[in-house]
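S.K.: This is the structure, below, for whatever I ask next.
The values are calculated or read from the model by the stated rules, or taken from the named source; none is laboratory data. What you see is a predicted model, and the numbers here were worked out from it, not measured in a lab. In this analysis, Cβ positions are derived from the backbone assuming ideal geometry, glycine residues included, and neighbour counts consider all displayed protein chains.
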Amino acid sequence: MTDPTARKRILMVDDQLDYIEPYAEALEDEDFDVTLLSQVDTALDLLRSETFDVIILDMLMPPSEHVHEDFEDLDLRKSGGWVLSQIREDERLRDVPIIFITAVRDTRVREWVEETERAYTGRDPMILTKPVTLTQLIKMVRRVSE
Amino acid sequence: MARPPALFEQIVGDTEAFRLMLDGALKDCASPYLVWLPDAGFLSGREYHAALGAFFGLLFGHPHGERLYRAQAEAIAYHLDESRAGSLVFTCEVTGLRTVAVPVRVADTLAAVVFCCITRPTDPDEQRQFKAAVGQLEKTLGLAAGQLVQYTARLPDEADPGLDKTVERVQRVVAALAQLGEDRLALQRAQQQEHWRMQAIRALQVANQQLNDLSISWDAFWRATARLLADLAPIIGAVCGLVLVPGRGARRDMHIATAVCGLPSEQFTGRLYRLDDALLGVIARAENFHILHTPNDDLAHGPVRRSIIEQVPEIGAQLGHEVLIPMFFEDQRNGLVVFFLNSEPAPASDVLVIDSSTGDSILAQSGSLIGAAFNNRQFVQRRHQQHKFKRAWLETVTHQFVAPLSAVQGHAELLTNRLARWENKNPKLFANWPERHIEQFWNSLTAIERTAQYASRLAYNFSRVVYQDKELGGEVELSVAADLTGELIQIARDFQGSAREHRILKVEVDTASVSPLNGKVAIITTDDLFRQAIGNLVDNAVKYSFENTAIILRGRLEKDWGVIEVVNEGIRLAPGEETRIFEYEYRTPEARATYAPDTGIGLSVARDIIVQHGGTLTARPSVPVRKVDDRQSWLTTFTIRLPLLDSDGS
């Protein structure tokens, strides 16, 4: 049984850790337990073995070793859409809130994320477009982790 | 039920008018006349000779009698047609009477024969022959002996001097009639050709719309091309047709059949042909199109014809002349439309005759239509491809700019928050710092945060300006703004930092006025474009507001529009400049004097985005508000109008 007083666990995945450090630290300041990872495959392994209350993902990351080379479009291979589908495929992780923080406005990449989230959860994905203020992120994380 | 027009009527026109002309010409003639019409029996003079009327009445009253006479008339007509004679004097084998036959020829077609100068023979031998013939006729018809002869008593004899003049008059009438008929036929032919030309043009017009619809796939494009071939084939009397497009890469030396008509599509579409170099040379040199008459031609057994004969012999047996129409592609490769005309040519009235008067230009148009549509598609496709690469590159560049800027902004915000918290816990944290330095420190932190935010906005605006090719802009997603108020509040919050730095009291959303718009308008969620447009307006307001003023975002419903206004108090927007400020890179002199580093693209981008919403963005010249320290402040309003949604959200 989950301890309601325990700190909420957040997994943040971004290949450029420097860029999300301030967000991670701000969340730590707000008493969240933040784990930072830069590799997709490590993140997926960790998600399968541990429990997180919120996942924060970048939308473009170096592709997983398991991404099939059939994706001709490199951007789609790198897309968070693939990572999202891997997470949602796991029934245990289907309802974990996922927030995307991105500067990517590429319609194809976004559409894939949107279609994937809608297909698995019936909801629109939560996407914050950079520049994102700490206040914005903290507010959203608080809301979805309650 | 109306009788179908007889051949004579088709060629000459009004039969009754012809009778009147002959009646007029022969009114003084003692002899009657009869006109043999190949398709409608016999025509007699209105003032039918009393004696001969009764004679022929008896003859034609008997079915066998008319058949006998008709056979004789047809034999004479055949003889006249063969001999090309202007007239023929003969003794009728059926009646034994002497007759002159004058042919009516219209455009080399025997349309009728006028039998005139019908006389009794005077020569004793011929008289005997006449009597024998009439006697036989009376027997054949089952008439009493002498019953027919009595009617011939009043006929002139062949020595009548007026007969030669009669023949002359008939020949003049026939010549006039032939001229009329030829004129009429020429008109009919012209009308028929015009009809087919119009049919062909209609087919081209329909094809023009379909082939230039750039939203359709290549498959649909070639299907539309096949439909054009199928529409044109019967008009020009073709059995089948193909479009041959030069291949690429390994198939460079081949032509591919991309559209076919009159042939089994699955057997011929995609078939490769190696065309003769001589033929390709002819095509390349052709200015518009070229017809190859295949008999005795080296190309008569070309690969396309051979394949049709082998694959579908029943169609192969019908192949006549080939019509080859070149299609010139922009990359200097020549395609080809091939029609095979029917080996048994259709009458000129049934098809569009392919000649230099109309047929050439119609077929040339079909070739250039397909070629031009093909070229257009390739051009647009290439532009799309280039655009895609440009966009991808721009996305990457923007991402590379914005991601670290966002981190800088985050670090600055984090530092600000933490220092504020630490100072709160430990008020003596900055005890040893001079007040002025503390203020500079906080200002610098805010400046870092605000500058990073501004730079991100600039990067997005830059990418938007470079990428605002509306034709190729791609689809955007419009979503109902269920919580427009919340959206605007979020945007206003983004600017609180920079507003503070400009000593602006607040950026506030007048929620009471905006809330009626919730769920009534749609905003573009793709790329956060709506947020970018409003953000650019607020950013503009922040830069040009005076200290201790407020920036207000308010809304209202106005007929078919949802209106959002951004109002600020600051420098003046003079009359005449309210439209110019939306021009790319335009800045008012006062704006340049107030805030030097701006680029002048924010408002232009904002308006572009709002127009993409189906709305408008306008500004009103400022109105004076008050004077503070001898400085006049002005109220400036930017107005966005977004189309209101119907009650069903559409």
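S.K.: Kindly indicate whether A:M61 is within 30 Å of B:L415 (Cα to Cα), surrounded by fewer than 21 Cβ atoms within 10 Å (Cβ to Cβ), at pLDDT 90 or above and not β-branched (V, I, T).
M.R.: Judged against the criteria, A:M61 is not a match.
S.K.: Give region B:426-456 a look and list any residue that's of a type in the set (A, V, I, L, M, F, W, C) and closer than 30 Å to B:H399 by Cβ, or say none.
M.R.: Result: B:L445, B:A447, B:I448, B:A452, B:A455.
S.K.: How many residues are surrounded by fewer than 19 Cβ atoms within 10 Å (Cβ to Cβ), within 14 Å of chain B (Cβ to nearest Cβ) and assigned to a helix (DSSP H, G or I) when one looks only at region A:26-49?
M.R.: 2
S.K.: Is it the case that region B:486-498 has a residue that's modelled with pLDDT under 90, more than 14 Å from chain A (Cβ to nearest Cβ) and under 23 Å from B:S456 (Cβ atoms)?
M.R.: no
S.K.: Restricting attention to region A:13-25, and to residues there that are in contact (Cβ under 8 Å) with a residue 40 or more places away in the chain and under 19 Å from B:R418 (Cβ atoms), which single residue is nearest to the other protein chains (Cβ to nearest Cβ)?
M.R.: Out of the qualifying residues, it is A:P22.
S.K.: Among the candidates A:R143, A:R92, A:R77, which residue alone is at pLDDT 90 or above, within 14 Å of chain B (Cβ to nearest Cβ) and out of contact with any strand residue (DSSP E or B) (no Cβ under 9 Å at 6 or more places or on another chain)?
M.R.: On the way: A:R92 fails: within 14 Å of chain B (Cβ to nearest Cβ); A:R77 fails: at pLDDT 90 or above.
Going through A:R143, A:R92, A:R77 in turn, just one is at pLDDT 90 or above, within 14 Å of chain B (Cβ to nearest Cβ) and out of contact with any strand residue (DSSP E or B) (no Cβ under 9 Å at 6 or more places or on another chain): A:R143.
S.K.: Could you pull out the residue among B:R333, B:R305, B:R285 that is out of contact with any His (no Cβ under 7 Å at 6 or more places or on another chain) and modelled with pLDDT of 80 or more?
M.R.: So the residue among B:R333, B:R305, B:R285 that is out of contact with any His (no Cβ under 7 Å at 6 or more places or on another chain) and modelled with pLDDT of 80 or more is B:R305.
S.K.: Residue by residue through region B:75-96, note down the ones that are over 17 Å from B:T109 (Cβ atoms) and β-branched (V, I, T).
M.R.: Across region B:75-96, the qualifying residues are B:V89, B:T91, B:V94, B:T95.
S.K.: Consider B:T99 carefully, then state whether it is β-branched (V, I, T) and part of a loop (DSSP other than H, G, I, E, B).
M.R.: No.
S.K.: Among B:A71, B:A54, which is small (G, A, S), farther than 20 Å from B:G24 by Cβ, surrounded by fewer than 18 Cβ atoms within 10 Å (Cβ to Cβ) and without any contact (Cβ under 8 Å) to a residue 40 or more places away in the chain?
M.R.: Exactly one residue qualifies, and that residue is B:A71.
S.K.: Hey, another quick one. Report, by residue number, each residue of region B:233-268 that is in contact with a strand residue (DSSP E or B) (Cβ under 7 Å, 6 or more places away or on another chain), of a type outside the set (F, W, Y) and in a helix (DSSP H, G or I).
M.R.: The answer is B:A233, B:I236, B:R251.
S.K.: What number of residues within region A:98-118 satisfy the criterion of being at pLDDT below 90 and over 18 Å from A:I10 (Cα atoms)?
M.R.: 14
S.K.: Still on this structure, please answer the following. Go through region B:332-351 and give me each residue that's charged (D, E, K, R) and touching a strand residue (DSSP E or B) at 6+ places or on another chain (Cβ under 8 Å).
M.R.: Step one: of region B:332-351, the residues charged (D, E, K, R) are B:333, B:344, B:350.
Passing the criteria: B:R333, B:E344.
S.K.: Right, something else. Under 8 Å between Cβ atoms, which residue pairs at least 6 apart in sequence (or on different chains) link something in region A:43-59 that is within 23 Å of A:W112 (Cβ to Cβ) with a partner that is outside any strand (DSSP E or B) and hydroxyl-bearing (S, T, Y)?
M.R.: A:L44/A:S64; A:V54/A:S145; A:I56/A:Y23
S.K.: Can you tell me how many residues within region B:372-410 are of a type outside the set (S, T, N, Q), modelled with pLDDT of 80 or more and farther than 20 Å from B:S215 by Cβ?
M.R.: Residues in region B:372-410 being of a type outside the set (S, T, N, Q), modelled with pLDDT of 80 or more and farther than 20 Å from B:S215 by Cβ: 8 in total.
S.K.: Report, ordered by the first and then the second residue, all pairs with beta carbons closer than 7 Å, sequence separation of six or more or different chains, a first member in region B:303-330 that is closer than 30 Å to B:Q378 by Cα, and a second member that is aromatic (F, W, Y) and surrounded by fewer than 21 Cβ atoms within 10 Å (Cβ to Cβ).
M.R.: The qualifying pairs are B:P303/B:Y273; B:V304/B:Y273.
S.K.: If a residue must be β-branched (V, I, T), within 12 Å of chain A (Cβ to nearest Cβ) and more than 17 Å from A:L128 (Cα to Cα), how many such residues does region B:376-416 contain?
M.R.: Total meeting the criteria: 3.
S.K.: In region B:143-156, is there at least one residue being surrounded by fewer than 12 Cβ atoms within 10 Å (Cβ to Cβ), in the same structural domain as B:A17 (by TED's automatic domain parsing) and touching a residue at least 60 places away in the same chain (Cβ under 8 Å)?
M.R.: Yes, there is a match, as at least one residue in region B:143-156 is surrounded by fewer than 12 Cβ atoms within 10 Å (Cβ to Cβ), in the same structural domain as B:A17 (by TED's automatic domain parsing) and touching a residue at least 60 places away in the same chain (Cβ under 8 Å).
S.K.: Kindly list the number of the only condition in (1) of a type in the set (A, V, I, L, M, F, W, C); (2) more than 14 Å from chain B (Cβ to nearest Cβ); (3) under 30 Å from B:H411 (Cβ atoms) that fails for A:V113.
M.R.: (2)
S.K.: Which pairs do you get when a residue that is farther than 16 Å from B:A541 by Cα, found in region B:613-633, comes within reach of a residue that is not in a strand (DSSP E or B), reach meaning Cβ atoms under 7 angstrom, with the pair 6+ apart or on two chains?
M.R.: Matching pairs, first to second residue: B:T616/B:I610.
S.K.: Please determine whether any residue of region B:371-380 is within 30 Å of B:W196 (Cα to Cα), surrounded by 14 or more Cβ atoms within 10 Å (Cβ to Cβ) and of a type in the set (A, V, I, L, M). Full working, then the answer.
M.R.: Taking region B:371-380 first, the residues within 30 Å of B:W196 (Cα to Cα) are B:371-377.
From the residues that got through so far, the ones that are surrounded by 14 or more Cβ atoms within 10 Å (Cβ to Cβ) too are B:371-377.
Those still in the list that are of a type in the set (A, V, I, L, M) too: B:372-373.
Scanning region B:371-380 turns up at least one residue that is within 30 Å of B:W196 (Cα to Cα), surrounded by 14 or more Cβ atoms within 10 Å (Cβ to Cβ) and of a type in the set (A, V, I, L, M).
S.K.: What number of residues in region B:608-628 are assigned to a helix (DSSP H, G or I) and either modelled with pLDDT of 90 or more or touching a helix residue (DSSP H, G or I) at 6+ places or on another chain (Cβ under 8 Å) (or both)?
M.R.: 4
S.K.: Moving on. Looking only at region B:506-518, which residues are in contact with a helix residue (DSSP H, G or I) (Cβ under 8 Å, 6 or more places away or on another chain) and either part of a loop (DSSP other than H, G, I, E, B) or surrounded by fewer than 20 Cβ atoms within 10 Å (Cβ to Cβ) (or both)?
M.R.: Selection gives B:K506, B:E508, B:T511, B:S515, B:N518.
S.K.: Residues in region B:105-151 that are in a helix (DSSP H, G or I), under 14 Å from B:L59 (Cα atoms) and small (G, A, S): how many? First the steps, then the outcome.
M.R.: Restricting attention to region B:105-151, the residues satisfying the condition of being in a helix (DSSP H, G or I) are B:124-141, B:149-151.
Keeping just the survivors that are under 14 Å from B:L59 (Cα atoms) gives B:133-141, B:149-151.
Filter once more, keeping what is small (G, A, S): B:133, B:135.
Residues meeting the conditions: 2.
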